[in-house]
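This report concerns only the one structure given below.
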Amino acid sequence: MSLTPPPLSLYVHVPWCVRKCPYCDFNSHEGRGELPFAAYVDALLADLDQDLPLVWGRTVQTVFFGGGTPSLMPPEFIDRFLQGASARLRFAPGCEITLETNPGTAEHGRFEGYRAAGVNRLSFGIQSFDDGCLQRLGRIHDSREAEAAVTLAREAGFDNFNLDLMYALPGQDLAMAMHDLERAFALEPTHISHYQLTLEPNTVFAARPPVGIPDEDLGWDIQERCQAMLAGAGYAQYEVSAYARPGRQCAHNLNYWTYGDYLGIGAGAHGKITLGHDESILRRWKHKHPTRYLADAGTPAAIGGDEVVAPGRRPFEFMLNALRLVDGFALGLFEQRTGLPAAVIEPILAEATGRGWLQVEDGHVRLTELGRRFTNDVVALFLEG
């Protein structure tokens, strides 16, 4: 089998936020004083220049600004970065360009600026429309500001946006979770990310769990009822925690989940690139701390590490992503993205099928209803012994 380069995305990490949320395990740092955005754009472009030889001649299909809080960065800096990036890389016509935004940083006029810069999709970190839940989560916005931010974006011409909502929050019951969705539906997003609060290692919540987190049974009840509400409102589930109107799935995340390629630039950013000349897959990540990143960007010192993904690990990495998709994947895609024949995973597929976890039909693989409850166990089968 030959390993052919898949679609390419560009991920841009903006590491600062107003305040670190107690549940957040992303590389985010509380901004103090005036943030060095001009210097950071220079660093991002230098970082991109260093990585360009990995992707010569390839077209970027999607761009995603994540964080941290990318909407802390004024539009003129987003514009300068996108102009610099598109001068270095070919952007596909209609390239999806997403900016994560915190409703607490929304200002009148900013969304017009982002749209003029080329951003055509927004992702709002709402998390809840209940002010008590928001306070317990450490968010800097309230429900009124959340709705106002979405209204401002609509007035600026954005018709493609995601709302992030969490459930099984401290102090939340089923009725509150359902009310969150009703408030979200009223804003008519094209996409909703709906996921359960988890206590991630090395977070404040992991060290000091908040009181009132729903138990497993209530969490499951919330999930099932909310999934039914989302379906009834016209949002089709296409991934574990992603729901979209027809044709409005997040192309950037779909590229991750189908084991596509992505350049990762910015402090702490991770990338995965298929190298055609030797048919290898390279993972590269950048140093996490903004101060060190600013000092070293564009030099080898900014690279936190390079790792070639061994062929034996590729099935696990592929499944870790592709089995998140509700519709599963074609075995032909597995072969294209890993460079391995489907025969290498046939014994594992047979075992998982025998346990009732997978359905394999006409060269297509998907999790069963039972398998979705044991996704981690299914994926673990593909780890090398």
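The rows are residues; the columns are (1) among the aromatic types (Phe, Trp, Tyr); (2) surrounded by fewer than 20 Cβ atoms within 10 Å (Cβ to Cβ); (3) in a helix (DSSP H, G or I).
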| site | (1), (2), (3) |
| --- | --- |
| Gly247 | no, yes, no |
| Asn255 | no, no, yes |
| Tyr259 | yes, no, no |
| Leu263 | no, no, no |
| Gly268 | no, no, no |
| Lys272 | no, no, no |
| Arg292 | no, yes, yes |
| Gly305 | no, yes, no |
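Of everything in segment 21-42 that's touching a helix residue (DSSP H, G or I) at 6+ places or on another chain (Cβ under 8 Å) and part of a loop (DSSP other than H, G, I, E, B), which residue is surrounded by the fewest Cβ atoms within 10 Å (Cβ to Cβ)? Filtering first and then ranking leaves Pro36.
Which residue, of Pro214, Pro209, is surrounded by 19 or more Cβ atoms within 10 Å (Cβ to Cβ) and over 20 Å from the mean Cα position of the chain (by Cα)?
Values: Pro209 fails: surrounded by 19 or more Cβ atoms within 10 Å (Cβ to Cβ).
Only one candidate qualifies: Pro214.
What residue, among those in segment 47-67 that are outside any strand (DSSP E or B) and among the hydrophobic types (A, V, I, L, M, F, W, C), is modelled with the lowest pLDDT? Among those residues, the one meeting the criterion is Trp56. Restricting attention to segment 300-336, the residues that are under 29 Å from Ala236 (Cα atoms) and β-branched (Val, Ile, Thr) add up to 1. Scan segment 92-105 for residues that are buried (at least 18 other Cβ atoms within 10 Å of the Cβ) and either out of contact with any Leu (no Cβ under 6 Å at 6 or more places or on another chain) or over 15 Å from His141 (Cβ atoms) (or both) and the total you get is 9.
Suppose we filter segment 194-227 for residues that are hydrophobic (A, V, I, L, M, F, W, C), in contact (Cβ under 8 Å) with a residue 60 or more places away in the chain and assigned to a loop (DSSP other than H, G, I, E, B); how many remain?
Narrowing segment 194-227 to residues hydrophobic (A, V, I, L, M, F, W, C): 197, 199, 204-207, 211, 213, 218, 220, 222, 226.
Then keep just the ones that are in contact (Cβ under 8 Å) with a residue 60 or more places away in the chain; that gives 197, 199, 204-205.
Next cut, assigned to a loop (DSSP other than H, G, I, E, B) only: 197, 199.
Residues flagged as hydrophobic (A, V, I, L, M, F, W, C), in contact (Cβ under 8 Å) with a residue 60 or more places away in the chain and assigned to a loop (DSSP other than H, G, I, E, B) within segment 194-227 amount to 2.
Quick one: would you say Gln172 is in contact with a helix residue (DSSP H, G or I) (Cβ under 8 Å, 6 or more places away or on another chain), closer than 19 Å to Ser71 by Cβ, assigned by TED's automatic domain parsing to the domain that holds Asn102 and buried (at least 18 other Cβ atoms within 10 Å of the Cβ)?
On the way: in contact with a helix residue (DSSP H, G or I) (Cβ under 8 Å, 6 or more places away or on another chain): yes; closer than 19 Å to Ser71 by Cβ: no; assigned by TED's automatic domain parsing to the domain that holds Asn102: yes; buried (at least 18 other Cβ atoms within 10 Å of the Cβ): yes.
Judged against the criteria, Gln172 is not a match.
Tally time: how many residues in segment 68-96 are part of a helix (DSSP H, G or I) and either aromatic (Phe, Trp, Tyr) or on the phi > 0 side of the Ramachandran plot (or both)? Residues in segment 68-96 being part of a helix (DSSP H, G or I) and either aromatic (Phe, Trp, Tyr) or on the phi > 0 side of the Ramachandran plot (or both): 2 in total. Pairing each residue of segment 294-312 that is within 15 Å of Gly264 (Cβ to Cβ) and of a type in the set (Val, Ile, Thr) with any residue that is modelled with pLDDT of 95 or more and assigned to a helix (DSSP H, G or I), provided the two are 6+ apart or on different chains, yields C-beta distances under 7 Å for Val309/Glu317.
I'm checking my understanding of the structure. Among residues of segment 228-245 that are without any contact (Cβ under 8 Å) to a residue 24 or more places away in the chain and assigned to a helix (DSSP H, G or I), which one is nearest to the chain's Cα centre (by Cα)?
From segment 228-245, those without any contact (Cβ under 8 Å) to a residue 24 or more places away in the chain are 228, 231-232, 234, 236; that's our starting set.
Next, only the ones that are assigned to a helix (DSSP H, G or I) stay: 228, 231-232.
Values: Ala228: 23, Ala231: 22, Gly232: 25 Å.
The qualifying residue nearest to the chain's Cα centre (by Cα) is Ala231.
The values are calculated or read from the model by the stated rules, or taken from the named source; none is laboratory data. Because the structure is predicted, anything quoted here is derived from the model rather than measured. A quick note on method: Cβ atoms are made from the backbone with ideal geometry, for glycine too, and the neighbour counts reach across all protein chains shown.
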